[in-house]
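Readers should treat all values here as calculations from the given coordinates under stated rules, not as data from a laboratory. For clarity, every value in this text was computed on a predicted model and none was experimentally measured. Neighbour counts are summed over all protein chains in view; Cβ atoms, including those assigned to glycine, are modelled from backbone coordinates with ideal geometry.
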Amino acid sequence: MQRSSQLLSAFALVLPLLAGCHSTPEPQAQSPSTVTGLAVGQAVARTVPSTMQAVGSVHAAESTAVSAQISGRVLAVLVHAGDSVRAGQPLVRIDSTLAASDLARSNAAVAAAQAAVAAAQSQSDLADSTLRRYQILRDRKSISPQEFDEVSRRDQAAQAQLRAAASQLAAAQAGASSAATVAGYATVRAPYAGLVTARMADPGTLAAPGLPLLTVDRSGPLQLQVSVDESRIASVHVGQHLDATLNGQTVPTTVAEIVPAADPASHSFLVKLALPAAQHALRAGIYGSVAIPIGQRTAILIPSSAVVQRGSLATAWVLDANHIASLRYLTLGAAFGDQVEALSGIAAGDSLVLQPADRNLAGSRIQPENPAQPASSATEVRP
């Protein structure tokens, strides 16, 4: 028993020594790497214009739904959507058999009326010459007053018949002119020079007055037509200059017209904005929006060069008090010159790395080549 106790005591003394031989030293914390040559900017609070976005689409200043003025079967459609047309150019031909028949009858009536006028004119000339001869005989007292009165009344009747025939001729000519006009409606023509934007008829279609066959937009400047809620329409006035966004580009516009009646369904007003004539790339139907100023607000602005796009996400490298960089995900708003609004992810006074490109700066200490500008009090910024 005494010997066993001595062995246990010896083992207890040796065990710590064995454990010490197999222990590993604790790793020492590495200092962050230092990156130089980068500029640093700062997020600041500024007073910026508060705007609302009104959306709409581009339209021609004048657009016409071309329709037939007579009923009939469409024989030919001479243009397609996208074709340029000149004023008076034939667009659609309609079967005009009935109109041609009416025109032929009207022309025949004119010919008959002309013949009646010629006959009445002959009778009038004869009655007039007879009356002159009887006037000579009356002056010589060679005829009785009764005979002279009879000749005079025949002359008056001939004159009346001539006037009636002339009236009938005028009516026949008016009918022929109307029939010719109707027959002319068989060819539908362009109301003005422009562009065919829609084709709603093909050969064989039954045309009727008021039924659209084509849509033609007049050549010339275009308009952006947007809907503005009735609660904001007071912020818009004719002649106001507003910036629109079309095809990703900012285009200056001028309010040309505000339709005075609101849409009862949407409770909004239609606002028409004139687009510059130099915008040749624009076409009717393009989607667009316009920023309408409605006041002012305070926004956090950061340099646009600090934003790094990672796919569809906007990020920025933000420095802490020790100039250690960490990645922040941002929600961006409107741009104001070389600055952009940060809706989330950034606070006023934060320092950001400018133009970091695709570098991975996570955990790096940034030694800026320029000191970050201190945040100043809120001042107004115009877009």
Under the rule a/c < 1.5 gives rounded, and otherwise a/b versus b/c splits prolate from oblate, where does the stretch 97-184 land using the Cα gyration tensor? prolate
Over the chain: helical MRE at 222 nm, DSSP H runs n ≥ 4 each giving -39500 (n - 2.57), nearest 500: -10000 deg cm²/dmol
Among Ala99, Phe148, Ser178, pick out the residue whose Cα is farthest towards the positive end of the charge dipole of the chain, where Lys and Arg carry +1 and Asp and Glu carry -1 on C-beta, about the Cα centre. Phe148
In degrees rounded to 10, the 0-90 angle between helix 97-139 Cα long axis and the longest Cα principal axis of the chain is 30
q = 0.06, 0.09, 0.10, 0.13 Å⁻¹, the chain: log10 I(q)/I(0) [Debye, one scatterer per Cα]: -0.59, -0.85, -0.92, -1.11
Helix 2-22 against the longest principal axis of the chain: what's the angle in degrees, Cα atoms only, rounded to the nearest 10? 40
Taking amide H positions as placed 1.01 Å from N in the peptide plane, with prolines and chain starts having none, which residues 5 or more places from Val308, or on another chain, fall under 5 Å of its amide H? Thr315, Ala316
Tell me, what HN-Hα J-couplings in whole Hz come from the Karplus equation 6.51 cos²θ - 1.76 cosθ + 1.60 at θ = phi - 60° for each residue of the stretch 192-197, using x for Gly and Pro? 6, 6, x, 10, 6, 9
Order of Glu341, Glu369, Glu257 from fewest to most other C-beta atoms within 10 Å? Glu369, Glu257, Glu341
For Phe269, Phe148, what's the fewest-to-most ordering of other Cβ within 10 Å of each Cβ? Phe148, Phe269
Between helix 145-184 and the chain, what is the angle of the helix's C-alpha long axis to the longest principal axis, kept within 0 to 90° and rounded to the nearest 10? 20
Would you pull out the residues with amide H under 5 Å of Ala334's amide H, same chain only if 5 or more places away, H placed 1.01 Å from N? Glu341
Cα-centre dipole for the chain with unit charges at Cβ (Lys and Arg positive, Asp and Glu negative), debye to 20: 660
Hey, can you grab everything whose amide H is under 5 Å from the amide H of Val35? Only 5+ residues off in sequence or another chain; H modelled, so Pro and N-termini drop out. Arg365, Ile366, Gln367
Using Cα pairs closer than 8 Å and at least 6 residues apart in sequence, work out the relative contact order for the chain, in percent. 30
Taking the Cα centre of each part, how many Å lie between the stretch 216-253 and the stretch 48-124? 34
